[in-house]
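Nothing in this text is a laboratory measurement; each read-out follows from the coordinates by a stated rule. On a predicted model such as this, the values are computed, not experimentally measured, just so you know. Cβ sites come from the backbone with ideal geometry, for glycine too, and all protein chains shown count toward neighbours.
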């Protein structure tokens, strides 16, 4: 037997009645009938659920029915709002994977807008009037930055370093063996494992050595007529310390030349700026690998390089040409906006204008500047309800770069009466421009190394607003 309908549901208008409301017709004209129809159905569904869940006075139902156009408008605004938005990174993690890694500099953003607004010479040679190749826009810059007067270097771009590794392995070693040390069979974020990508590439993994010690003789003893590639993988997101050994890049390169086998290195982060200048050690530079004789190097664009997400493949022109000719390249290549952002970033390197690259600017920021900014914000937030202290902090590179390395920083340690640390974190995330911070010792810490100076006023306003609520 069918259950009787709730009598109060008869107070609800039909969807057609609701859409005939003049305000709904206006909304449909502005946002499209389909979007308004979906929002109206959701608003009616919410009210119907409220009626069925508990007893609501008919007068209140009538009032909510009269307010349905407003509820539809709110539902519509929520459904049509951008999901991807800008946030303020106050975590102290410079290359925060969850927050989009390296932010782009102003010149890069302007070049992206300029190129994306209309047509461009992405694959058109302006000198000859013939079809060109998109690689030319950045390959010429990489050749200069890698300072390789003694050898020619070509560079191509795909959508990330995982793609660069997959493509290179497939192009150079499909059906053959790739020799790699056991201590370099790494896993990075998203369960990306070297053995798995090796399988997907069609190459066969040949492990040599042990987890902590691998010698050049281990590689040489494993070489056979099936060997197509020697692979070095930089352990970018962890360290092996103590009783360890691995051959130098020069030794690997010499072994490859001896047996006429290409040598590939997966650098991961990719470093053009020498981070030893800011006290960070253990991150290999791309140019050093090239000078050591490595045939092909793969690395990321949105980590230490400070550009857009990209996978870069640099190396001997004949090998890079072979990789570029692989059918996977077209599936993995990037568009004009990536090239524009990458080109502008590389030009900043050539000009040695490191402060134009936000990632490098953050790494190079002095403790004195951070202290001054933190004290200014704290001064604006003096209150009996809040304790905002300037404390020493340690920032990290993040993004799988320089594990264990930290940079001295300054943070605001905020405690607001009436708000737990988690509640304050939630309030900050819900600010007009969301602010992402961290909790240490029951205090919310906002590390200013990863906060742009232009965002200090937003930090101040958000904390002051929470003071009033607390």
Region 7-80: relative contact order from alpha carbon pairs under 8 Å, six or more residues apart, as a whole percent, is 43 percent
Compute the Cα gyration tensor for region 267-335, then decide on rounded, prolate or oblate, letting a ≥ b ≥ c be the square roots of its eigenvalues: rounded whenever a/c is under 1.5, prolate when a/b is larger than b/c in the other cases, and oblate in all that remain. oblate
Place a point 7 Å from the Cα of residue 124 in the direction of its beta carbon; the residues of region 295-335 whose amide N falls under 13 Å from it are none
Computed helical MRE - 222 nm, the chain, DSSP H runs ≥ 4 contributing -39500 (n - 2.57), nearest 500: -12500 deg cm²/dmol
Report, in degrees rounded to the nearest 10, the 0 to 90 angle that the Cα long axis of helix 33-53 makes with the longest principal axis of the chain. 60 degrees
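Kindly state, to the nearest 0.05, the FRET efficiency for residue 274 paired with residue 440, given R0 = 45 Å and r defined as their beta-carbon distance.
0.90
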Quick note, region 170-232: a/c under 1.5 would make it rounded; otherwise a/b > b/c is prolate and the rest oblate (a ≥ b ≥ c, C-alpha gyration tensor); here it is oblate
Determine the percent antiparallel among the DSSP beta bridges restricted to region 106-356, to the nearest 5. 45 percent
Theoretical gain in end-to-end length, residue 422 to residue 465 [0.36 nm per residue, Cα-Cα removed]: 13.9 nm
Quickly rank 162-175, 267-280 as a protection proxy: mean count of other C-beta atoms within 10 Å, highest first. 162-175, 267-280
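If you count the DSSP beta bridges with both ends in the chain, what percent of them are antiparallel, to the nearest 5?
So the antiparallel bridges in the chain amount to around 65 percent.
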Between the alpha carbon centres of region 278-357 and region 77-102 the gap in Å comes to 24 Å
For helix 106-117, report the angle its Cα long axis makes with the longest principal axis of the Cα atoms of the chain; keep it between 0 and 90° and round to the nearest 10°. 80 degrees
Expressed in nanometres to one decimal, the distance between label points 7 Å along Cα→Cβ at residue 213 and residue 110 is 5.7 nm
Can you give me the distance in nm between label points at residue 30 and residue 152, each placed 7 Å from the Cα along the Cα-to-Cβ direction? 6.0 nm
For the peptides 304-310, 117-123, 386-392, 367-373, what is the packing order when you average, over each peptide's residues, the other Cβ atoms within 10 Å and list the highest mean first? 304-310, 386-392, 367-373, 117-123
What is the extension gain from residue 288 to residue 193, computed as 0.36 nm multiplied by their sequence separation minus the C-alpha to C-alpha distance, in nm to one decimal? 31.7 nm
Work out the FRET efficiency for residue 222 and residue 250 from their Cβ-Cβ distance, taking R0 = 25 Å, and round it to the nearest 0.05. 0.85
Starting from the Cα gyration tensor of region 258-372, take the square roots of the eigenvalues, sort them a ≥ b ≥ c, and report rounded, prolate or oblate (rounded when a/c is under 1.5, otherwise prolate if a/b is larger than b/c, else oblate). oblate
Normalised by the residues of the chain, what does the relative contact order come to in percent, with Cα pairs under 8 Å and at least six apart? 19 percent
Between residue 259 and residue 391, Cβ-based FRET efficiency (R0 45 Å, step 0.05) works out to 0.20
Could you please rank 433, 227, placing first whichever residue has the fewest other Cβ atoms within 10 Å of its Cβ? 433, 227
Rounded tilt (10° steps) of 336-350 against the dominant C-alpha axis of the chain: 60 degrees
Tell me, in nm to one decimal, what length is gained between residue 330 and residue 204 on full extension, where the rule is 0.36 nm per residue of separation less the Cα-Cα distance? 43.0 nm
